[in-house]
Amino acid sequence: MKNKNFYIENYGCQMNISDSNIITSILLKNGFFLSENLKKANIILLNACSIREKAELTLKKRLEQLKFLKKKKKICVGIIGCFSKQIKNFLLQEKMADFFVNPDSYREIPNFIYYSTIGKQYFHVAKKNETYADISSIQNNKKITTFLSITIGCNNMCTFCIVPFTRGRERSRDPYSIIKECKRLYKNGYKEITLLGQNVDSYLWIDTIQNKKNIVNFSKFLDLLAKEIPYMRIRFSTSNPHDMSNQVLKVISKHKNICKHIHLPVQSGSNKILKLMNRKYTREKYLFLVKQIRNIIPECSISHDIITGFCNENERDHQDTISLMNEIKYNYGYMFSYSPRPGTYAYRKLKDDVPKDIKKRRLKEIIDLQIKHSFYRMQEHLGNIEEVLIEGESKKNNQYWYGRNTQNLIVVFPKKSLNIGDLAHVEIIDMTSATLIGKLCK
Ligand code: SAH
Ligand code: F3S
């Protein structure tokens, strides 16, 4: 193979970005070159997402566009990451991609590329224990915040979710390798790390040292990491309400460098729907957890994921979601209408019986409500002096810095002095539902 330039496009969540950093590292070590430009690359890797139907449609559209390039320039196209069996079969049939690599097998990508050039299909056995602990991920942008996966896969089997099928069983990465990696990232200029996992609170590492078991759970790990990298901001996502413990909340409140924000997907406010979704908590337990968070970490922001129009959802269930949102008044959230994913329990056993227009109407109702709540929560910051990590120039006005406060809320303020990567003290003087506007304190 003469030209060994690769280019990666990301389609999914933060976890895909973290995966792309690992893949970049593997390919560079194997003599490939990272190309910043698609036109100069002869290997194009699409880091896929199958979580919702829309994500898969976007991927298909992109592959349609690449089809021409693939024929004309004989480029090699690989699909990596989070893809379903169905899409794999479809794309193979349509000859849109040369190979597919699931998240267990990124180390095999150089072999896959080689085999694709000689027209062979390569089969492999997935490594169920893979955590890529020994790989220092390569960050190919000049940002000061980054992501690191600390757990891979998920054991929860929520009935709507394809992740346990695409990313496999849950496993945790060696805590000492994560600490080492964070220190290395700091040396390379990073000031904030977001620890990732589908279910990050169920992180668990068991070591046997001299016949003694050393058990590191998430609260213990966070505590350890916060002490080891006091100069770095730490965030984490996603917390499954089922696994979040008081110990974790206490560790967050204890350390200044652990950011005061919890992403706590609720999915629905109706107990009937939560049960059908196989979420392992009730509305009451969730509300109690929110109360605990606010007791232990009063300044903590809380965000959510909600699915509307899940199988069997009626107006009463929808109203339960609305009343839960009213009770909590989240800082922000991500809202989706349900799309059945082939292979999941809901796809096989439950009826997708909420008509599209009703799903759409319910989605709009909760989005509108969230905008109101975000506005309400943003007002609470007016007059505060807050610590903001400067991430770059504001996209709307290059005379303003852009950054985030500990609650993960966006703050913009006139530049005056300071640089990207600095911590600024900013007085909040104005706001919209999505942005805090401030001025630099002297
Ligand atoms: N591990 C996280 C969720 C990961 S998926 C958790 O514990 O909640 C990210 C979000 O996508 C989910 O929270 C859910 O709101 C949404 N989602 C997942 N599958 C979906 C589907 N089939 N239809 C619509 N939204 C979905
Ligand atoms: Fe999906 Fe539920 Fe796991 S939403 S990622 S199966 S916690």
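Whenever a residue of the range 404-427 is basic (K, R), its partners that are crowded, with 20+ Cβ neighbours inside 10 Å, lying with C-beta atoms within less than 6 angstrom and at least six residues away or across chains, give the pairs K415/W401. For R316, the stated conditions hold: it is in a helix (DSSP H, G or I) and either within 16 Å of ligand 2 (Cβ to nearest atom) or within 28 Å of I358 (Cβ to Cβ) (or both). Tell me yes or no: at least one residue of the range 349-356 is out of contact with any Gly (no Cβ under 6 Å at 6 or more places or on another chain), free of Cβ contacts under 8 Å to residues at least 40 places away in the same chain, under 30 Å from C82 (Cβ atoms) and of a type in the set (A, V, I, L, M). Checked the range 349-356: no residue is out of contact with any Gly (no Cβ under 6 Å at 6 or more places or on another chain), free of Cβ contacts under 8 Å to residues at least 40 places away in the same chain, under 30 Å from C82 (Cβ atoms) and of a type in the set (A, V, I, L, M). Residues in the range 331-357 that are among the hydroxyl-bearing types (S, T, Y), closer than 16 Å to V163 by Cα and open to solvent by less than 50 Å² (accessible area, probe 1.4 Å): Y338, S339, T344. Say we look at the range 156-169 and pick out the residues that are touching a residue at least 60 places away in the same chain (Cβ under 8 Å) and assigned to a helix (DSSP H, G or I); which of these is most open to solvent (accessible area, probe 1.4 Å)? Applying the filter and picking the extreme gives F165. With respect to E56, is the statement that it is buried (at least 16 other Cβ atoms within 10 Å of the Cβ), modelled with pLDDT under 90 and outside the structural domain of D422 (by TED's automatic domain parsing) true? Yes, satisfied. Among the residues of the range 129-155, those identified as within 16 Å of ligand 1 (Cβ to nearest atom) and open to solvent by less than 20 Å² (accessible area, probe 1.4 Å) are S149, I150, T151, G153, C154. Applying the condition of being assigned to a strand (DSSP E or B) and not hydrophobic (A, V, I, L, M, F, W, C) to the range 319-339 and asking which residue is farthest from ligand 2 (Cβ to nearest atom) yields Y332.
The values are calculated or read from the model by the stated rules, or taken from the named source; none is laboratory data. Source: prediction; values computed, not measured. FYI the Cβ positions are ideal-geometry reconstructions off the backbone, even for glycines, and counts take in every protein chain you see. These area figures cover heavy atoms from the full protein model, side chains too; ligands, DNA and RNA do not enter into them. Shrake-Rupley method; radii C 1.70, N 1.55, O 1.52, S 1.80 Å.
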